[in-house]
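Worksheet: the structure to be examined is printed underneath.
No value in this document is a laboratory result; all are computed from the given coordinates. Bear in mind that the values here come from a model prediction, so they are computed numbers and not experimental data. Using ideal geometry, Cβ is built from the backbone for each residue, glycine included, and neighbour counts are taken over all protein chains shown.
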Amino acid sequence: MAVGASADGLAGGAATADAGLGALAPESLMVRYVEGDPAAFDALYACTAPRLFGYLLRLTRDRARAEDLLQVTFSKIHRARASYLRGAPVLPWMLAIARRSFLDERRAAKVRTEHLSDDGSLPEPRAEPEAVGADLSEALDRALLDLPVSYREAIELTKINGLSVAEAAEVLGTTGTAVKLRVFRGYEILRKQLARFRRFSE
């Protein structure tokens, strides 16, 4: 099955879906999709793609990459549909696939050959600017980006994507206790960063 909708038209699939399907929970739509109902996929895409795209956009910080990864994710969802455990929450399962797609892309990027400078040496990494954004939301966004990846993912899944601790643990392949610890430690770092921002902005 082709996944043809773009992130700019995430609701486009709903137009071709049976109007009654829009009222069904994602779990019910997934079961119908697994059973071969193509209209169920359109409705499932319409109700889950915005959340998946938002998650991928936060991971990549690049709209084009997030759009590409969204399509890759749904292609993988189609191929893995038979492995879906009926009745299990759909969104954490999909987010786990989206995360693996992102990590696969990142691993592939790491194997690219480094470009040498004119004198044959590796270029020096550019220094990150020290200035903190003048806006609190910008400061928070930057502070999130500066967190260790494991802390940031735990916070984004639970506080931004609204998953439970158990669901976030499923996406991350870890335990609920580990997720809670990562969120706690991440918040401790964020509090210190934002306190620094307030001092600079006074």
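If each residue of separation counts as 0.36 nm, what is the full-extension length gain between Ala166 and Ala23 once their alpha-carbon separation is subtracted?
Answer, rounded to one decimal: 48.9 nm.
When you filter the GluC sites (Glu not before Pro) in segment 14-105 for DSSP loop state and at most 13 other Cβ atoms inside 10 Å of their Cβ, you are left with Glu35.
Compared with the direct C-alpha span, the chain from Glu35 to His78 gains 14.3 nm at full extension, assuming 0.36 nm per residue.
Can you compute the FRET efficiency between Phe184 and Glu105 using 1/(1 + (r/R0)^6), with r the Cβ-Cβ distance and R0 = 41 Å? Round to the nearest 0.05.
Details: r = 30 Å, r/R0 = 0.72.
Result of the calculation: an efficiency of 0.90.
Applying 0.36 nm per residue to the separation of Ala88 and Ser150 and subtracting their alpha-carbon distance, the gain on full extension is 19.9 nm. Partner lysines whose Cα lies under 22 Å from the Cα of Lys159, excluding those fewer than 8 positions away in the same chain, are identified as Lys180, Lys192. On the basis of the beta-carbon distance and an R0 of 30 Å, Arg65 and Lys159 show a calculated FRET efficiency of 0.85. Give me the net charge of Val171's neighbourhood, meaning all other residues with Cβ under 9 Å from the Cβ of Val171; Lys, Arg count +1, Asp, Glu -1. Neighbourhood net charge equals -2.
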